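Chemist: Quick one: this structure, given as structure tokens, is what I'll be asking you about.
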Amino acid sequence: MTLANSHLSNSSRTYDVVVVGGGNAGLCAAISARQAGASVLLLEQAPRALRGGSTRHARNLRVKCDPPSVLPDQAYCGDEYWADLAQATAGHTDENLARLMIEGSAHIVRWMEQCGIQFEKSRIGNRPSRKTAFLLGGGKALLNAYYRKAERIGVDIAYDTEVLSVPLDHGVACEIHAISNCALTRVRTRAVVVSCGGSQANTDWLQHYWGDAANRFVIRGARQAKGRVLASLLDQNVVPIGEPGQCHMVAVDARAPKFDGGIVTRLDCVPYSVVVDRNGQRFHDEGEEVGPRRFAVWGKLVARCPDQIAYAILDSKAEGLFRPSFYPPIRTQTISELAVELKLNPADLATTIHAFNAAITDASDRKAGRLARAEDIVPPKSKWAMSIDTPPFSGYPLRPGVTFSYLGVKVDDHARVIMASGRPAANVFAAGQIMLANILASGYLAGVGMTLGTVFGQIAGRCAVRAARSWSPR
Ligand SMILES: Cc1cc2nc3c(=O)[nH]c(=O)nc-3n(C[C@H](O)[C@H](O)[C@H](O)COP(=O)(O)OP(=O)(O)OC[C@H]3O[C@@H](n4cnc5c(N)ncnc54)[C@H](O)[C@@H]3O)c2cc1C
């Protein structure tokens, strides 16, 4: 049931479980807790139309899949999953929790389907990707299905309700402080699941680590990810995890909106281009990364550029080599016109392009493609060094686009948050982005964010019910 905000303010009810944040992790927790027989209230800061945080933009989950449920050549076994995760994080992961997630992932697709979520299937009925399951209709469709399910089974939901803090008394939470309907509200509870995402949309926080540069970052997900509840927990001796200020970033089109641009603003053109900073100077080998890491590598590089802006320059030979962009490129017939359009110094850009063209040692036409190199230049270009000489010329402005922040709370295998004493909190659990760094403290592996929220959302929901049942008021 959707609660009117006035109802929440006047309610003296004590819920078994209150879930803070209604994205993927929160919904999995709320549904699991309700299915275990608890009374559940979900508090969501956003209005109904914008509910669901970063989950709205997600496309896939990474799931373990063993024969006989799939043919042997389509299997993705636990050890391979673990090896991928260990490599992506360079070992910055808790193996016990990671293996718990990996084993749990084998069962989530069926559970999700029972909640009404549908997956993309190839024409012969199997998954289009061996390692990940793609959501039919993306994250928005997933959220709609979960919210429908939650309402149907009796989870109470309050939108437009921002949780300010979860006061702890020796690791025990009895109430939650929120602002709802412009009024301060206290909600009483026997257990809490904190699942309100990351803190990447908190520019003040980012500024602390990145200085003025943080003002020019684009946030790819929701503006609600301010880390307010995270800050409240850390202030009360909950153990942090993940490096403060560190974020996963990709290079996005600088014309993207400040928040919520999602995946379509990511640019795929870099390996086929020459990338210059605002002074018209190249600063990194554009051909170095052509695999899945290429997006993240360039997010960080652009974040370190003057004014956090860079420009990818291409000519007509590159057309059709990369995924089309959401915004059309800026196109001109000459390099100096392109420089003017991009507000670069024409002479500086022309010098850079001329030097680059002169440094290409291999055949640099489109057919030679991947193997072409530019060597006698700093920095060199190790792949796709095609000369920029055939009009029309194209340019894309690039900015760092933050996907998520790593800082979160440490949890145990029951999803309980860990206190500075080393003991778990009695009735406070965390799931999703807010505890991602337990498993992914650096790097990224496609589909892990959603899998983690689903598996740990379920664990947190079930364990919160057990905690609520053994709860006695202090
Ligand atoms: C563009 C983009 C694409 C992505 N693609 C993928 C993908 O394909 N696969 C994948 O695995 N991961 C992907 N991710 C990451 C993935 O979206 C996240 O890991 C995941 O959605 C996090 O889920 P969550 O429930 O923890 O947080 P969120 O989905 O962010 O939900 C948090 C919720 O809490 C609410 N909230 C926040 N603060 C408060 C508060 N104080 N009080 C009350 N409510 C609050 C928010 O409104 C929101 O509804 C992507 C992320 C982005 C930005």
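The values are calculated or read from the model by the stated rules, or taken from the named source; none is laboratory data. Note that the structure is predicted; figures quoted are calculated from it, not measured. No Cβ is skipped: glycine too gets one built from the backbone with ideal geometry, and neighbour counts run over all protein chains shown. Just the protein is used for accessible areas: all its heavy atoms, side chains included, with ligands, DNA and RNA removed. Shrake-Rupley method; radii C 1.70, N 1.55, O 1.52, S 1.80 Å.
Chemist: Out of the total accessible area of the chain (probe 1.4 Å, heavy atoms of protein only), what percent is carbon and sulfur? It would help to have the intermediate numbers written out before the result.
Modeler: Numbers: 10050 of 19710 Å².
With neighbouring chains kept in place, the figure for the chain is 51 percent.
Chemist: Against the longest alpha carbon principal axis of the chain, how many degrees, from 0 to 90 and to the nearest 10, is the axis of helix 24-35 turned?
Modeler: For 24-35 against the chain, the angle is about 20 degrees.
Chemist: Okay, next question. What is the spin-label model distance, in nm, from Thr14 to Ala347 if the labels are put 7 Å beyond Cα along the C-beta direction?
Modeler: Between Thr14 and Ala347, the label points sit 7.8 nm apart.
Chemist: Can you flag which of Lys131/Lys317; Lys226/Lys258; Lys64/Lys140; Lys64/Lys121; Lys258/Lys300; Lys140/Lys300 are past 22 Å Cα-Cα? Provide the component values of the computation, followed by the final result.
Modeler: Numbers: Lys131/Lys317 33 Å; Lys226/Lys258 14 Å; Lys64/Lys140 24 Å; Lys64/Lys121 17 Å; Lys258/Lys300 17 Å; Lys140/Lys300 28 Å.
Distance filter (> 22 Å) returns Lys131/Lys317; Lys64/Lys140; Lys140/Lys300.
Chemist: Follow-up. Working from Cα positions, state the angle (0 to 90°, nearest 10) between the long axis of helix 78-88 and the longest principal axis of the chain.
Modeler: 60 degrees
Chemist: Next question. Quick one: which residues, 5 or more positions from Ile157 or on another chain, have an amide H under 5 Å from its amide H? H modelled 1.01 Å from N in the peptide plane, none for Pro or chain starts.
Modeler: Answer set, sorted by chain and number: Thr2, Leu3, Leu42.
Chemist: Using a 7 Å offset from the Cα along the Cα-to-Cβ direction at both Val264 and Gln114, what is the distance between the two label points in nm, to one decimal?
Modeler: Distance between label points: 3.6 nm.
Chemist: Determine which aspartates and glutamates satisfy two conditions relative to Lys149: a Cα distance under 17 Å, and not lying fewer than 8 residues away in the same chain.
Modeler: Hits, sequence-local ones excluded: Glu44, Glu113.
Chemist: Another question about this same structure. What does the highest-first list of 185-191, 243-249 look like by mean Cβ count within 10 Å? Walk me through the numbers before you get to the answer.
Modeler: Numbers: 185-191: 22.1, 243-249: 19.0.
Output ranking for 185-191, 243-249: 185-191, 243-249.
Chemist: Please turn the phi angles of the stretch 295-301 into ³J(HN,Hα) values with the Karplus equation 6.51 cos²θ - 1.76 cosθ + 1.60 (θ = phi - 60°), one per residue in order, whole Hz, x for glycine and proline.
Modeler: 5, 5, 4, 6, x, 5, 4
Chemist: Would you mind working out the magnitude of the charge dipole of the chain relative to its Cα centre, with +1 at each Lys and Arg C-beta and -1 at each Asp and Glu C-beta, to the nearest 20 Debye?
Modeler: On the way: 54 positive and 43 negative charges, 301 e Å.
Dipole of the chain, to the nearest 20 debye: 1440 debye.
Chemist: Give me a comma-separated list of calculated 3J(HN,Hα) values for the stretch 243-260, in order, Karplus coefficients 6.51, -1.76, 1.60 applied at θ = phi - 60°, integers in Hz, x for any Gly or Pro.
Modeler: So the J values, rounded to whole Hz, are 6, x, x, 7, 9, 8, 10, 10, 7, 10, 5, 5, 8, 5, x, 4, 10, 6.
Chemist: In addition: List the extent of the Cα atoms of the chain along each of their three principal axes, largest first, rounded to whole Å.
Modeler: Here the spans come out as 76, 52, 39 Å, largest first.
Chemist: Among the trypsin sites (Lys or Arg not before Pro) within the stretch 51-135, which fall in a DSSP loop and have no more than 14 other Cβ atoms within 10 Å of their own Cβ?
Modeler: Details: sites: Arg51, Arg56, Arg59, Arg62, Lys64, Arg99, Arg110, Lys121, Arg123, Arg130, Lys131; in loops: Arg51, Arg59, Lys64, Lys121, Arg123, Arg130, Lys131.
Taking the stretch 51-135 and a limit of 14 other Cβ atoms within 10 Å, the loop trypsin sites (Lys or Arg not before Pro) found are Lys121, Arg123, Arg130.
Chemist: Accessible area per residue for the chain in Å², computed with a 1.4 Å probe and the full protein assembly in place, what is it? Please list the in-between numbers first.
Modeler: On the way: 19710 Å² over 474 residues.
Result: 42 Å² per residue.
Chemist: Which value, in debye to the nearest 20, gives the size of the charge dipole of the stretch 250-401 about its Cα centre, when Lys and Arg are +1 and Asp and Glu are -1 at the Cβ?
Modeler: Values: 20 positive and 19 negative charges, 95 e Å.
With Lys and Arg at +1 and Asp and Glu at -1, about 460 debye.
Chemist: Next up: At a 10 angstrom cut-off on C-beta neighbours, averaged per residue, how do the peptides 414-420, 301-307 rank from highest to lowest?
Modeler: By packing density, highest mean first, the sequence is 414-420, 301-307.
Chemist: Also: Work out, in µm²/s and without decimals, the Stokes-Einstein translational diffusion coefficient of the stretch 250-401 at 20 °C, 1.002 mPa s, Rh from Kirkwood over C-alpha pairs.
Modeler: Values: Rh = 15.1 Å.
Here the translational diffusion coefficient equals 142 µm²/s.
Chemist: Given only helices, namely DSSP H runs of n ≥ 4 each adding -39500 (n - 2.57), what is the per-residue ellipticity at 222 nm of the chain, to the nearest 500 deg cm²/dmol? Walk me through the intermediate numbers first.
Modeler: Numbers: 12 runs with 131 residues, N = 474.
Mean residue ellipticity at 222 nm (helix-derived): -8500 deg cm²/dmol.
Chemist: Moving to a separate point now. Rg and Dmax of the stretch 60-171, Cα atoms, in Å?
Modeler: Cα-based Rg and Dmax for the stretch 60-171 come out at 17.7, 56 Å.
Chemist: Percent relative contact order of the chain, based on C-alpha pairs within less than 8 angstrom and at least six residues apart? Walk me through the intermediate numbers first.
Modeler: Numbers: 1138 pairs, mean separation 111.6, N = 474.
Once divided by the residue count of the chain, the mean separation gives 24 percent.
Chemist: To one decimal place, what orientation-averaged projected area in nm² is obtained for the convex hull of the Cα set of the stretch 198-272? Each step should come with its number before you reach the end.
Modeler: On the way: hull surface 23.1 nm².
If I average the Cα hull's projected area over directions, I get 5.8 nm².
Chemist: With axes computed from alpha carbons, what is the tilt in degrees of helix 448-469 against the longest principal axis of the chain, rounded to the nearest 10 within 0 to 90?
Modeler: 10 degrees
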